[in-house]
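The values are calculated or read from the model by the stated rules, or taken from the named source; none is laboratory data. None of these values were measured; they are calculated from a predicted model. Heads up, the Cβs are rebuilt from the backbone with ideal geometry, glycines too, and the neighbour counts pull from every protein chain shown.
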């Protein structure tokens, strides 16, 4: 699994969007028990924090110690530095396994084997992500110019799995029909700039070119944003769910 985010974990914690309650309102009624959940690739613990409100115990894992240092603490969340494909968890441990905006970095075959090992019978797995956001046509045009024209070649090939809405990722579980969900946020201009700085391709561009590609579009982006203090930001949610055993 690749780690692009340890060096920007503080920005990741501040500027990455959390996930809408609709996801969890769909998942929870599917579960016979809510004793133990595993949030894999937890990052700064956005999903783990939500799960902790319902489950007795949440195990949250990541390969980035820096990300885990910025994670939300709770008495019933145990954070640990572990790869998705090989954990120290017991067999048949979890009622729910979640992966939010991370599964595209995994070794799919090994991860799916680990899921089958640690999941309880009749448990649920949920793969969650989000696509490129939509704000206004003017703002979107500038953001997409950054995404495609300026840093396009610096995206890792795994980004295509998000563009394919995770449909090309192997999913050897009994898939359930999930609702269409849009995550709606109210952001300032500074929030948008902060979010763009968390893109892995921005970091790769900076490492290679030695300057920040966001500087190349910021004047156009500010003009497109206009005088509004806040704007509505729409993130189309990627959501696959299935029964594991």
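Just a few scattered comments:
- Cross-chain or 6+ apart pairs with Cβ under 8 Å, the range 31-45 first and on the phi > 0 side of the Ramachandran plot and surrounded by fewer than 24 Cβ atoms within 10 Å (Cβ to Cβ), then assigned to a strand (DSSP E or B) and modelled with pLDDT of 95 or more: 43/62; 43/100
- First in the range 69-97 and at positive phi, second anywhere and surrounded by fewer than 16 Cβ atoms within 10 Å (Cβ to Cβ) and not in a loop (DSSP other than H, G, I, E, B), Cβ under 8 Å, 6 or more apart: 92/121
- The range 1-13, subset surrounded by 15 or more Cβ atoms within 10 Å (Cβ to Cβ) and in a helix (DSSP H, G or I), residue modelled with the lowest pLDDT: 6
- Residue list for the range 67-124, restricted to those being in a helix (DSSP H, G or I) and either surrounded by fewer than 19 Cβ atoms within 10 Å (Cβ to Cβ) or in contact with a helix residue (DSSP H, G or I) (Cβ under 6 Å, 6 or more places away or on another chain) (or both): 67, 69, 104, 108, 109, 110, 113, 116, 117
- The listed residue being within 21 Å of the chain's Cα centre (by Cα) and under 30 Å from residue 119 (Cα atoms), out of 144, 159, 174: 159
- Consider the range 135-161 and keep the residues that are touching a helix residue (DSSP H, G or I) at 6+ places or on another chain (Cβ under 6 Å) and touching a residue at least 60 places away in the same chain (Cβ under 8 Å). The one that is nearest to residue 30 (Cα to Cα) is 158.
- Among the residues of the range 146-164, those that are surrounded by 16 or more Cβ atoms within 10 Å (Cβ to Cβ) and in a helix (DSSP H, G or I) comprise 146, 147, 150, 154, 159, 161, 162.
- Residue in the range 29-41 that is at pLDDT 95 or above, within 20 Å of residue 125 (Cα to Cα) and part of a helix (DSSP H, G or I) present: yes
- Tally of residues being more than 25 Å from residue 99 (Cα to Cα) and surrounded by fewer than 16 Cβ atoms within 10 Å (Cβ to Cβ) across the range 165-215: 9
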